[in-house]
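Asker: Provided herewith is a single structure, encoded as structure tokens, for subsequent inquiry.
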Amino acid sequence: MRFITEIKTFAALGSGVIGSGWVARALAHGLDVVAWDPAPGAEAALRKRVANAWGALEKNGLAPGASQDRLRFVSTIEDCVKDADFIQESAPERLELKLQLHSQISAAAKPDALIGSSTSGLLPSEFYESSTHPERCVVGHPFNPVYLLPLVEVVGGKHTAPEAVQAAITVYESLGMRPLHVRKEVPGFIADRLLEALWREALHLVNDGVATTGEIDDAIRFGAGLRWSFMGTFLTYTLAGGDAGMRHFMAQFGPALQLPWTYLPAPELTDKLIDDVVDGTSAQLGTHSISALERYRDDCLLAVLEAVKTTKAKHGMTFAE
Ligand SMILES: NC(=O)C1=CN([C@@H]2O[C@H](COP(=O)(O)OP(=O)(O)OC[C@H]3O[C@@H](n4cnc5c(N)ncnc54)[C@H](O)[C@@H]3O)[C@@H](O)[C@H]2O)C=CC1
Ligand SMILES: C[N+](C)(C)CC(=O)CC(=O)[O-]
């Protein structure tokens, strides 16, 4: 089975936070992009988001021919996908909606064009159930901002051909990403399962009045957050075991796993908890606009990516290691 892996035209369906991130990444890689989104005013909102990201993309290095002018916004699903070499859906996270949308997308797409969904954790076996040629359909779960963060989790469903997973990995690599093949189809995949566990505990801490949203964010960004960009939890904890390594670490800190440090089930989202979270994060935003904070975030990410890349090179490692 052959799928298109040398792509010239990228189709994006849904152009909110994530869809616009894919559009920006694809444009920056010198592709033609066709986008569709049913919301009134979606085209203007998309072009504004891409423009806000473009400064960071220029600093990161644009491919020859890359231009925001190569974005075309169309008014039907069929026009969006019919000539596309690769299709990425970033519609709202609702199973019924994605099921219906993918039956339309796949019926209108070229049979050998791969289709990726940005879903954060829905199962591809379920939402590709009524798709035409489901063997070319995968999940390509990105991270926000999609145009800078390299990780994309690639997940196949029960009808997905193994060659399609490999082909999607090839395409995402051609867009400068670091694909991670999630070999078992599980809700939340790998990364969101981890992020959700942290998020639940953070909500409990707010709910119990232990800390504000800002204090919880400080607990991450001045500590573990700094080291997570270059070393994950398992290797970090191996070093925390000293010369005796992971076995000693497990013996010393393993028993704490039995202590009631964590709650795991999510707290009830009461009106008070929602207000506390919204008020807390409003205080964190202060007078900054979302787009100003996006530019600040992008600058920080570029600096971190550059520092990690350079330091790895000094130690004889590639960025993808
Ligand atoms: N926001 C995030 O941090 C992340 C979200 N995702 C996933 O990306 C997908 C999109 O999420 P966001 O961009 O955050 O949502 P969003 O709400 O920012 O954007 C969704 C867009 O879909 C459009 N839309 C509504 N009905 C539609 C339909 N029938 N077909 C196509 N588009 C439709 C909306 O007009 C909107 O522009 C979801 O599956 C989500 O789980 C993945 C990674 C991170
Ligand atoms: C909150 N979220 C589950 C939509 C987050 C993601 O899917 C990934 C990210 O960008 O954090």
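The values are calculated or read from the model by the stated rules, or taken from the named source; none is laboratory data. In this text the structure is predicted, and so the values were computed from the model without any measurement. With ideal geometry, Cβ positions are generated from the backbone for all residues, glycine too; neighbour counts draw on all protein chains shown. With ligands, DNA and RNA removed, areas are computed over all heavy atoms of the protein, side chains included. Shrake-Rupley method; radii C 1.70, N 1.55, O 1.52, S 1.80 Å.
Asker: Of these, W228, W199, which one is within 14 Å of ligand 2 (Cβ to nearest atom) and more than 19 Å from L151 (Cα to Cα)?
Answerer: Values: W228 fails: more than 19 Å from L151 (Cα to Cα).
Residue meeting the stated conditions: W199.
Asker: Separate question: Going through the stretch 114-142 one residue at a time, which ones are away from ligand 2 (no atom under 16 Å from the Cβ) and out of contact with any helix residue (DSSP H, G or I) (no Cβ under 7 Å at 6 or more places or on another chain)?
Answerer: Listed by number, the residues that qualify are S125, P134.
Asker: Look through the stretch 1-18, keep the residues that are among the aliphatic types (A, V, I, L, M), in contact with a Leu (Cβ under 8 Å, 6 or more places away or on another chain) and outside any strand (DSSP E or B), and return whichever of them is nearest to ligand 1 (Cβ to nearest atom). Working first, answer last.
Answerer: Our first condition is that a residue be among the aliphatic types (A, V, I, L, M); within the stretch 1-18, this holds for 1, 4, 7, 11-13, 17-18.
When the remaining residues are screened for being in contact with a Leu (Cβ under 8 Å, 6 or more places away or on another chain), the result is 4, 7, 13.
Now narrow it down to the ones that are outside any strand (DSSP E or B): 4, 7.
Details: I4: 22, I7: 20 Å.
So, considering only residues that are among the aliphatic types (A, V, I, L, M), in contact with a Leu (Cβ under 8 Å, 6 or more places away or on another chain) and outside any strand (DSSP E or B), the one nearest to ligand 1 (Cβ to nearest atom) is I7.
Asker: Restricting the stretch 79-105 to residues that are aliphatic (A, V, I, L, M) and open to solvent by 10 Å² or more (accessible area, probe 1.4 Å), which is nearest to ligand 1 (Cβ to nearest atom)?
Answerer: Initially, the stretch 79-105 is screened for residues aliphatic (A, V, I, L, M), giving 81, 84, 87, 91, 95, 97, 99, 101, 105.
Filter once more, so that each one left must be open to solvent by 10 Å² or more (accessible area, probe 1.4 Å): 91, 95, 97, 99, 101.
Numbers: A91: 3, L95: 10, L97: 5, L99: 11, L101: 5 Å.
Per the stated criteria, the residue is A91.
Asker: Would you be able to say whether some residue in the stretch 164-179 is in a helix (DSSP H, G or I) and either exposed (fewer than 13 other Cβ atoms within 10 Å of the Cβ) or touching a helix residue (DSSP H, G or I) at 6+ places or on another chain (Cβ under 6 Å) (or both)?
Answerer: Within the stretch 164-179, the subset in a helix (DSSP H, G or I) is 164-174.
Okay, now just the ones that are also either exposed (fewer than 13 other Cβ atoms within 10 Å of the Cβ) or touching a helix residue (DSSP H, G or I) at 6+ places or on another chain (Cβ under 6 Å) (or both), so 164.
For the stretch 164-179, residues in a helix (DSSP H, G or I) and either exposed (fewer than 13 other Cβ atoms within 10 Å of the Cβ) or touching a helix residue (DSSP H, G or I) at 6+ places or on another chain (Cβ under 6 Å) (or both): present.
Asker: Looking at (1) within 16 Å of ligand 2 (Cβ to nearest atom); (2) more than 22 Å from V139 (Cα to Cα), which is the one condition that is false for R25?
Answerer: Condition (2) is where R25 drops out.
Asker: Also, I was wondering about something else. If we keep just the residues of the stretch 106-156 that are of a type in the set (D, E, K, R) and either within 14 Å of ligand 1 (Cβ to nearest atom) or part of a helix (DSSP H, G or I) (or both), which is farthest from R178 (Cα to Cα)? Before the answer, list the steps.
Answerer: The first filter runs over the stretch 106-156 and keeps only residues of a type in the set (D, E, K, R), leaving 110, 112, 126, 129, 135-136, 153.
Those left that are additionally either within 14 Å of ligand 1 (Cβ to nearest atom) or part of a helix (DSSP H, G or I) (or both): 126, 135-136, 153.
Working: E126: 26, E135: 23, R136: 20, E153: 9 Å.
It comes out as E126.
Quick grid of which residues meet (1) out of contact with any Ser or Thr (no Cβ under 6 Å at 6 or more places or on another chain); (2) modelled with pLDDT of 95 or more; (3) part of a helix (DSSP H, G or I):
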{"site": "S20", "(1), (2), (3)": "yes, yes, yes"}
{"site": "L46", "(1), (2), (3)": "no, yes, yes"}
{"site": "L57", "(1), (2), (3)": "yes, yes, yes"}
{"site": "A91", "(1), (2), (3)": "yes, yes, no"}
{"site": "L97", "(1), (2), (3)": "yes, yes, yes"}
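Asker: State whether one or more residues within the stretch 270-279 are among the hydroxyl-bearing types (S, T, Y) and open to solvent by 60 Å² or more (accessible area, probe 1.4 Å). Give the derivation first.
Answerer: Looking only at the stretch 270-279, we keep the residues that are among the hydroxyl-bearing types (S, T, Y), and these are 270.
This time we only want the ones that are open to solvent by 60 Å² or more (accessible area, probe 1.4 Å), so: none.
No, there is no match, as no residue in the stretch 270-279 is among the hydroxyl-bearing types (S, T, Y) and open to solvent by 60 Å² or more (accessible area, probe 1.4 Å).
Asker: Please go through the stretch 309-321 and pick out each residue that is open to solvent by less than 60 Å² (accessible area, probe 1.4 Å) and not in a helix (DSSP H, G or I).
Answerer: Of everything in the stretch 309-321, just one residue is open to solvent by less than 60 Å² (accessible area, probe 1.4 Å) and not in a helix (DSSP H, G or I), namely A320.
Asker: Looking for whichever is open to solvent by 40 Å² or more (accessible area, probe 1.4 Å) and touching a residue at least 60 places away in the same chain (Cβ under 8 Å) here; the options are E135, E129. Which one fits? Let's see the steps before the verdict.
Answerer: Values: E129 fails: touching a residue at least 60 places away in the same chain (Cβ under 8 Å).
After applying the criteria, what remains is E135.
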